[in-house]
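J.: Quick one: the structure is below, questions incoming.
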Amino acid sequence: MTPFRSYSIEHGLSESVVHSMLQDESGYIWLGTGFGLNRFDGVRFTQFYQEHGLPNNRVNELFQDYRGRIWIGTDSGLAFYENGEIHSPEQFNSVNESVILSIVEDENRNIWVATEGNGLWRYDRQQRFENITHQHGYRNMQVRSLAITQDGMLWLGTSEGLFSFNGNTFRKYRSQNGYPEVPMNDMTVDQDDVLWIASNAGLIKKEGEEFQIFHEAAGLNECRLNSVSITGEGSAWVSSDAGASYFDGHSFTNYTTEDGLNAVIVHETMIDREGNVWLGTLGAGANIFLGELFQNYNVDTGITNNVVTGFEEDRLGNIWIATYGGGVLRYDGEEFEHFSESDGLIDNKVYTIFEDSQNRIWIGARAGLTIYENGEFTPLPESEFPFQTIRKVYEDEDTGDFWIATYNSGVIRYDGESYEQFNTSSGLLNNTVMDIKKDEEGDFWFATYGGVAVLKDGMFEHLTIADGLPNNGVIHINIDVDGIKWFSTFSGLAYYDGENVRSIISDNQSGTITYFSFQDQEEQYWVGTNRGLYRFNPVDFFSARTRVERLKSFKLFDQNQGLVANELNAGASFVASDGSVWLGTVEGLSRFFPDRVRINETPPGIEFEEVMMSGRQMEADQSEEFNHDQNFFQVSFHGLSFESPAQILYEYRLEGLEDEWQTTRERTVRYTSLPPGNYNFRVRSYNADGFRSTDEASISFLIKSPIWMQWWFLVLITAGIIGLIFFYYRFFKTRKQVDIERMRVQIASDLHDDVGSSLTELALQTDFLRAGNVSDELRDTLKQLGDQSRKIVSSLDDIVWSIDARNDTAGDVTDRMQDYVNHVFRAGTPDVHYHFENIKMDDRLPVHVKENIYLIFKESVNNIAKHSNADTVDITFVYNGKNFELKVSDNGTQSNGKRKSGQGLRNIELRSRRIGADVQIYNSDGFTVHVKGTV
């Protein structure tokens, strides 16, 4: 039976009657049914009905134009699909009462529409419809199919036969042209410009002016054809009411329900870009022809039990088949012959079959051993061989002994007359033995449920989990052409190179039970599992640097590719002499042809299915922004490859979060609690043979920062913190300044009250003593003491004034200056002019500035009083809160040589430097001291 994969209502198809099929430029498969339009991505169907814009739910024809629009021909007119919506504009009204049967596009971008009973219509680039057949007198022509050849000729397949239209005139092909005047149901043009026609008389090829007709003589089982699709040079698929047929250029191979087709009538054929053959049926939806990789047999097609446990090929080329409950079968290439307990088998529940060097067939069953020789089955009596549940028989060619693996009794060595048993007492770790092999060194290898046992020089050695096995339950051993041992276990595959055991578990095979491994005649590696049959490339696996490369070293063949069942049986594989591989499963057997496996080099498509952010639908072609609490990103996508859709591998990465590509076979990825930032999600796909999609699907978005993470908020907070720090700094500085000023006032008061009063009292006491009867010498001393005390009081008065915080304003300084001038120039000469107009009297000066300015002023005035003959003195003081200026000048004419230029002037310069001020002293045209500085 040739397998077909079926998609029908139970898989999501809107109806199981398929009239038309199309693969669009993105890779989607579109199916027009008797009730609705369907888009298929390999896993899921999306339906469209009249409520979505279809003129009618019966879809007869699908066509994609150069703009990517999908034209939809229905029983009630025309529509097209574009940008996710179905449109049927007013211009289509002229054909919207017609049954649309075929649509094509010419090189001038005109759309041609064939109708049933309403002729041929042309839709031009000005969006106008016109009926071409009406203009040429064909008012009731039923046009079933259209095709355009490279010369621009339009071909019409009608109920009356074949027509051509060159843009001006119609030509009908009649029987005298070599063409049968029968209804034409479908047409297509191949790459060589050959016109292929599915007609009521068979398959017709028009090459140039010659016609060839292929029908019963070429093996076609039904000449009334419904459709035709080109597969390659000179080959095609056709459909009929009797099934589907493949034409190789010379003859037909017919496929009906007896060959696995799921329906009798096939309306439509289509070849997708991967080379898969799609058949639109009446009642069974869409069928995909899975090729001739597998020939499957079960109880419905000739075998006695679906649980197939082993195989052997005898010297005549017959294949012997062991079943669990159905005895054994012998297949001669055409028929199965059944043998059971009634024919002499010891038991119908058979595990293994083996042909020895004497051409005897050994049959291991649940109840013991049976030997088939010379056409008779002979069970070994219990007295001679008391062991049951025989799992494997192996003949040692060197000694002629037979090694027999049992499920509960260990290994038995049997020489035909006596036996020797090896079990846990003899060194085995477990008495369940599943397989036996002998290597080139003469060592025996046993697959047991306690690991691998090796009988070497009469002693057992073992390989277990401790040595690297993935599981101690070992089911099968394969020794390859290089002598490497491969172990099939309940937890995957492992290999042993003589030194190390390495587990071969791909990331997509966790939980996989491996039942056997083998090499075919081309030395390719194959692994039978509970998920199907894997093709394995050890070189690619061991050299893989990434997870994707490692995954690509495996390719799965399962029911989707035609295997009769995914669950294979322990050790149930056999490479026959013709290169085919026999596989036993729990639902029948498959005959596999490795040389027919093709490499699918067609890159898969990749499309987004749904993109969501916190429950909100996103548009894949737009970049969107979201608030910080909208951070749950979920994206669904699908790779478009229909040969093995379940084996599509995806690589994805969320840029802005992930640096490395991630891999998955799932079609949905979720990210929860994404932090604020810019993101770009990218995904690409790989088909089952590892070929990557040419494009990527991507979508970008921004998750905005919360208000407390916005730049302006951070700036505001930073400014607030700085302001707060500044406030505290100013507060404590002011507080400290107040404390200092209080202390200054206290010190000034104490100096004035205590020290000043004491010195004043001392001066008064000297005056009192001088008034008494004292010697002249003492009187002079007392006078000096009194004068010195008064001088100290005067100096102390300046210090007290400087220290006292109540005297820090500019007004206090000018008042002090005037007091001092009045004290120095008591006689009223010279005239003193004050220039204090540009002063804010309440502005405060720093203590050290105030003190030094006043002392500079004082030194200058003293200099004038002592050394100048001036009659006018000008005093200027300016202070604006930042800059200050002091200028003291006179109009004296006394020579410079008589000016004091010693310690007093040096003190002026010293005090100016202390407050960072510039000082200039002039002695020409009078005496001038000019000080300028900045606070």
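J.: Which of the residue pairs LYS840/LYS932; LYS736/LYS850; LYS791/LYS887; LYS866/LYS887 have a Cα-Cα distance greater than 23 Å in the structure shown? Spell out each step's value before the answer.
T.: On the way: LYS840/LYS932 17 Å; LYS736/LYS850 20 Å; LYS791/LYS887 27 Å; LYS866/LYS887 18 Å.
Listed pairs above 23 Å: LYS791/LYS887.
J.: Moving on to the next point. Say the dipole of the chain comes from +1 at the beta carbon of Lys and Arg and -1 at that of Asp and Glu; which of ILE390, ASN863, THR309 then lies farthest toward its positive end?
T.: The listed residue farthest towards the positive side: ASN863.
J.: Still on this structure, I have one more. Find the all-direction average of the projected area of the Cα convex hull for segment 523-651, expressing the result in square nanometres with one decimal place. Show your work: numbers first, answer last.
T.: Numbers: hull surface 46.2 nm².
So the Cα hull casts an average projection of 11.6 nm².
J.: Could you state the accessible area per residue of segment 810-886 in Å², with a 1.4 Å probe and every protein chain left in place? Don't skip to the answer; put the middle values down first.
T.: Values: 3660 Å² over 77 residues.
On a per-residue basis, segment 810-886 sits at 48 Å².
J.: Ok, one more. Assigning unit charges at the beta carbon (Lys, Arg +1; Asp, Glu -1) and nothing else, what dipole magnitude in debye, to the nearest 20, does the chain show about its Cα centre?
T.: Working: 80 positive and 138 negative charges, 1433 e Å.
With Lys and Arg at +1 and Asp and Glu at -1, about 6880 debye.
J.: Where Lys and Arg each count +1 and Asp and Glu each count -1, what net charge lies around ARG5 among other residues with Cβ under 12 Å from its Cβ? Write down the numbers at each step before the final one.
T.: On the way: positive: none; negative: ASP558, GLU643.
That sum, taken over residues with Cβ under 12 Å, equals -2.
J.: Could you tally the net charge around ALA242, taking each other residue with its Cβ under 13 Å from the Cβ of ALA242, Lys/Arg +1 and Asp/Glu -1? Write out the running numbers ahead of the final one.
T.: Numbers: positive: ARG224; negative: GLU216, GLU222, ASP241, GLU258, ASP259.
Cβ neighbours under 13 Å give a net charge of -4.
J.: Give me the Kirkwood hydrodynamic radius of segment 592-734, using the inverse of the mean 1/r over all pairs of distinct Cα atoms, in Å to one decimal. Intermediate values should be presented prior to the final figure.
T.: Values: mean 1/r = 0.0548 Å⁻¹.
Result for segment 592-734 stands at 18.3 Å.
J.: Please work out how much accessible surface LYS438 shows to a 1.4 Å probe, ignoring ligands, DNA and RNA, in Å² rounded to 10.
T.: 40 Å²
J.: Right, next: Dipole size in debye (nearest 20) for segment 1-114 around its Cα centre, Lys and Arg Cβ +1, Asp and Glu Cβ -1? Write out the running numbers ahead of the final one.
T.: Numbers: 7 positive and 16 negative charges, 63 e Å.
Charge dipole, segment 1-114, about its Cα centre: 300 debye, nearest 20.
J.: Further, regarding this structure: Enumerate the lysines that LYS206 could reach by cross-link, defined here as Cα to Cα under 23 Å, with residues fewer than 8 away along the same chain left out.
T.: Straight-line reach from LYS206, under 23 Å: LYS172.
J.: Cα centroid distance between segment 286-340 and segment 149-208, in Å?
T.: Each part reduced to its Cα centre gives a spacing of 46 Å.
J.: Next question, about the same structure. So between ASP343 and HIS136, what do we pick up on full extension, going 0.36 nm a residue minus the alpha carbon distance? Before the final figure, lay out each step's value.
T.: Values: separation 207, 0.36 × 207 = 74.52 nm, distance 7.83 nm.
Net length gain for the segment: 66.7 nm.
J.: What does the C-alpha gyration tensor say about the overall shape of segment 70-116? Classify as rounded when a/c is under 1.5, otherwise prolate if a/b is larger than b/c, or oblate. Before the final figure, lay out each step's value.
T.: Details: a/c = 1.59, a/b = 1.01, b/c = 1.57.
Oblate.
J.: Give me the number: length gained by fully extending ARG914 to SER698, i.e. 0.36 nm times residue separation minus the C-alpha to C-alpha distance, one decimal in nm.
T.: Numbers: separation 216, 0.36 × 216 = 77.76 nm, distance 7.15 nm.
Result for the pair: 70.6 nm of gain on full extension.
J.: With a/c under 1.5 counting as rounded, go ahead and sort segment 404-546 into rounded, prolate or oblate using the C-alpha gyration tensor (a ≥ b ≥ c being the square roots of the eigenvalues; past the cut-off, prolate if a/b is larger than b/c, else oblate). Intermediate values should be presented prior to the final figure.
T.: Working: a/c = 1.91, a/b = 1.75, b/c = 1.09.
It is prolate, given that a/c is not under 1.5 and a/b is the larger ratio.
J.: Continuing with the same structure: Could you tell me which residue out of GLY811, ILE475, GLY677 lies farthest along the dipole of the chain toward its positive end? Charges go on the beta carbon: Lys and Arg +1, Asp and Glu -1, centred on the Cα centre.
T.: The residue sitting most towards the positive pole is GLY811.
J.: Moving on. Quick one: pull the percent of accessible area on the chain belonging to carbon and sulfur, 1.4 Å probe, ligands and nucleic acids left out. Could you put the intermediate results ahead of the total?
T.: Details: 18930 of 43100 Å².
That fraction is 44 percent.
J.: Report the Cα centroid-to-centroid distance between segment 26-103 and segment 394-451 in angstrom, as an integer.
T.: Cα centroid of segment 26-103 versus Cα centroid of segment 394-451: 67 Å apart.
J.: Please give me the summed charge of the neighbours of GLY232: other residues whose Cβ is under 10 Å from its Cβ, Lys and Arg +1, Asp and Glu -1. Walk me through the numbers on the way to the answer.
T.: Working: positive: none; negative: ASP190, GLU233, ASP248.
With Lys, Arg at +1 and Asp, Glu at -1, the net is -3.
J.: Stokes-Einstein diffusion coefficient for segment 112-179 at 10 °C in a medium of 1.306 mPa s, Rh from the Kirkwood formula over Cα pairs: what value in µm²/s? The partial results should precede the final answer.
T.: Numbers: Rh = 12.3 Å.
D = 129 µm²/s.
J.: Can you give the accessible area per residue of segment 418-544, in Å², using a 1.4 Å probe? Before the final figure, lay out the partial values.
T.: Working: 5270 Å² over 127 residues.
Dividing the accessible area of segment 418-544 by its residue count gives 41 Å².
J.: Now for a separate question. Stretched out fully, how many nm does the piece from ASN423 to THR253 gain, at 0.36 nm a residue minus the Cα gap?
T.: Result: 55.7 nm gained on full extension.
J.: Taking the solvent-accessible surface of protein heavy atoms with a 1.4 Å probe, what is the per residue accessible area of segment 117-184 in Å²? Kindly include the intermediate steps, with their values, before the conclusion.
T.: Numbers: 3220 Å² over 68 residues.
That works out to 47 Å² for each residue.
J.: Once phi is turned into θ = phi - 60°, what whole-Hz ³J(HN,Hα) does the Karplus curve with 6.51, -1.76 and 1.60 give for every residue of segment 376-391, x standing for Gly and Pro?
T.: 10, 9, 10, x, 6, x, 4, 5, 8, 9, x, 9, 10, 6, 8, 9
J.: Show me 147-159, 714-726 ranked by packing, highest mean number of other Cβ atoms within 10 Å first.
T.: On the way: 147-159: 18.1, 714-726: 10.4.
Ranking, from highest mean packing down: 147-159, 714-726.
J.: HN-Hα J couplings of segment 160-171 from phi, Karplus 6.51/-1.76/1.60, θ = phi - 60°, integer Hz, Gly and Pro as x?
T.: My calculation for segment 160-171 gives 9, x, 9, 10, 10, 9, 9, x, 10, 9, 9, 10 Hz in order.
J.: Would you be so kind as to identify which of LEU54, TYR66, PRO89 lies farthest towards the positive end of the dipole of segment 44-92, taking Lys and Arg as +1 and Asp and Glu as -1 on Cβ and the Cα centre as origin?
T.: About the Cα centre, the residue reaching furthest to the positive side is TYR66.
J.: Separate question: Along its three principal axes, how long is the chain when you only count alpha carbons? Whole Å, largest extent first please.
T.: That gives 174, 98, 45 Å along the principal axes, largest extent first.
The values are calculated or read from the model by the stated rules, or taken from the named source; none is laboratory data. None of the values given here were measured: they were computed from a predicted structure. Cβ atoms come from the backbone with ideal geometry, glycine included; neighbour counts cover every protein chain shown. Please note that ligands, DNA and RNA were not included when accessible areas were found on the heavy atoms of the full protein model with its side chains. Shrake-Rupley method; radii C 1.70, N 1.55, O 1.52, S 1.80 Å.
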